[in-house]
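Below is one structure; the comments refer to it alone.
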Amino acid sequence: MKLKPLSPIRSKSAVRLSKFSPTDTGGLKSEQAAAPILVKHLAAMDQFQEVLYAGRKKAVLIVLQGMDGSGKDGTVRHIFSGINPQGCDVTSFKVPTPLEARHDFLWRAHAAVPPLGNIGIFNRSHYEDVLSPWVHKVISSKLARRRLEDINKFEQTLTDNGVVILKFFLHISHEEQTRRLQSRLDDPDKHWKLDPADFEERRFWPQYAAVYEEILSSSSHKHAPWFVIPSDHKWYRNLAISTILVSALKDLKLKYPKPVLDPSKFKL
């Protein structure tokens with residue numbers, strides 16, 4: 001069965017997460033059906049990344065956002081494990097340090113943007129400086145929306161300078177989050193993952209969903225699109241994201257640079 005493609009959020013559309021099923025699998029019946037497709041995608045990404053790194057004409061920035069337990073770490077581990085680490089960097093954005101807090105909220109994000117030739121992954125991102133402060137009323141709605149406008153301008157600047165931006169919201173259900181957090185409680189080998197904040201923030205699920213809807217509605221554009229990725233099934237999450245990445249990298253029509261020397265003139 002052919003995989004049903006996922007479309008980006010249209011610019012300035014009113015997003016309602018209730019319209020997206022977190023259990024969708026794109027028409028595929030099982031993980032076994034997805035496995036060979038994912039293998040092909042990972043091989044293609046490895047090849048594309050080599051050409052990207054060699055040419056240094058473009059950079060790729062991947063933004064991962066989602067509720068606690070939605071699989072941001074798992075996405076990095078399963079999709080990017082085969083990519084040459086020399087050309088790929090992962091940045092996690094947590095509570096700002098005292099130094100970061102003394103700068104504008106985009107300062108730390110800009111410093112982590114990948115250079116031309118590299119793939120950069122934001123595991124949480126500059127959107128965190130809108131998300132949690134807005135939910136907890138640390139900043140006003142007016143300031144939050146102004147920050148979203150600043151983010152739109154920031155991302156436009158990046159794309160104007162050769163950075164390809166792809167943003168993924170990992171969409172899980174409240175029930176699936178419950179199962180994943182419970183599995184961490186039940187498995188001693190997963191206790192290191194436990195964070196009191198994950199359990200405290202569950203109380204604010206509706207508020208987080210509402211703010212995410214605002215973010216997706218106001219900051220998805222052709223140059224920096226958001227994709228809502230159904231993520232209750234981890235195998236489909238990985239397949240869906242890899243499908244979008246392979247398509248985007250293919251569209252770049254990357255080529256190896258011309259050699260700086262004539263290899264026929266050298267003999268060993």
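Of the trypsin sites (Lys or Arg not before Pro) in the stretch 238-268, the ones in a loop by DSSP (not H, G, I, E or B) with at most 10 other beta carbons within 10 Å are 253, 255, 267.
For residue 59, nonlocal amide neighbours, meaning residues 5 or more places apart or on other chains whose placed amide H falls under 5 Å from its own, are 117, 163, 164. Rounded to the nearest 10 degrees, the angle from helix 205-218 to the longest Cα principal axis of the chain is 40 degrees. Near the amide H of residue 88, within less than 5 Å, lie the amide hydrogens of 119, all on another chain or at least 5 residues away, with H placed in the peptide plane.
Put simply, when 230-242, 9-21 are sorted by average Cβ atoms within 10 angstrom per residue, most first, you get 230-242, 9-21. Here the stretch 1-115 is assigned +1 on the Cβ of each Lys and Arg and -1 on the Cβ of each Asp and Glu. Its dipole about the Cα centre then comes out at about 500 debye. If you take the square roots of the eigenvalues of the alpha-carbon gyration tensor of the stretch 17-253 and sort them as a ≥ b ≥ c, do you get rounded (a/c under 1.5), prolate (a/b over b/c) or oblate? Note, shape of the stretch 17-253 comes out oblate. For the stretch 1-50, what does the alpha-carbon gyration tensor say about shape, rounded, prolate or oblate, given a ≥ b ≥ c as the root eigenvalues, a/c under 1.5 as rounded, and a/b over b/c as prolate? In terms of gyration-tensor shape, oblate. Summary of packing: across the peptides 60-66, 91-97, the per-residue average of other C-beta atoms within 10 Å ranks them, highest first, as 60-66, 91-97. Each of residue 12 and residue 248 was given a label point 7 Å from its Cα along the Cα-to-Cβ line. The distance between the two points is 2.3 nm.
Relative to the dominant Cα principal axis of the chain, helix 174-186 is inclined by about 80°. In the chain, the longest principal axis of the Cα atoms and the axis of helix 31-55 are about 60 degrees apart. Using the Cβ-Cβ distance between residue 198 and residue 138 with R0 set to 22 Å, the FRET efficiency from 1/(1 + (r/R0)^6) comes to roughly 0.70.
Counting neighbouring Cβ atoms within 10 Å and putting the fewest first, the residues 157, 75 line up as 157, 75. Converting phi to 3J(HN,Hα) with the Karplus coefficients 6.51, -1.76 and 1.60 and the offset θ = phi - 60°, the stretch 253-268 yields 6, 5, 9, 5, x, 5, x, 8, 9, 8, x, 5, 8, 10, 10, 9 Hz in sequence order, with x at every glycine or proline. Under 5 Å between amide hydrogens, built in the peptide plane, is the criterion, and for residue 171 it picks out 229, 231 among residues at least 5 positions away or on other chains. Dipole magnitude for the chain: computed about the Cα centre from +1 point charges on Lys and Arg Cβ and -1 point charges on Asp and Glu Cβ, it is near 920 debye.
Comparing Cα centroids, the stretch 16-44 and the stretch 63-140 end up 24 angstrom apart. Our coupling estimate for the stretch 192-200, obtained by passing each phi through the Karplus curve with A = 6.51, B = -1.76, C = 1.60 and θ = phi - 60°, is 5, 7, 5, 9, x, 4, 4, 7, 5 Hz, Gly and Pro reported as x. DSSP bridge analysis restricted to the chain gives an antiparallel fraction near 5%, rounded to the nearest 5.
Per DSSP H run of at least 4 residues, take -39500 (n - 2.57); add these up for the chain, divide by its residues and hand me the 222 nm value, nearest 500 deg cm²/dmol. Only helices count here, giving -14000 deg cm²/dmol. Calculated FRET efficiency, residue 187 to residue 265, Cβ-Cβ distance, R0 = 45 Å: about 0.15 to the nearest 0.05.
Across the stretch 78-91, coupling constants 3J(HN,Hα) worked out from phi with the 6.51/-1.76/1.60 Karplus curve, θ = phi - 60°, read 8, 8, 10, 5, x, 8, 4, x, 5, x, 9, 10, 10, 10 Hz, and Gly and Pro carry x. Rounded, prolate or oblate: which fits the stretch 1-133, taking a ≥ b ≥ c as square roots of the Cα gyration tensor eigenvalues, rounded meaning a/c under 1.5, else prolate when a/b beats b/c? In terms of gyration-tensor shape, oblate.
Among 37, 244, 121, the residue with the largest mean-square fluctuation in a Gaussian network model of the chain, with springs joining Cα atoms closer than 10 Å, is 37.
Coordinate-derived values only; no laboratory data. Everything numeric here is computed off the predicted structure, so don't read it as measured data. Positions of Cβ are backbone-derived with ideal geometry, glycine not excepted, and every protein chain shown enters the neighbour counts.
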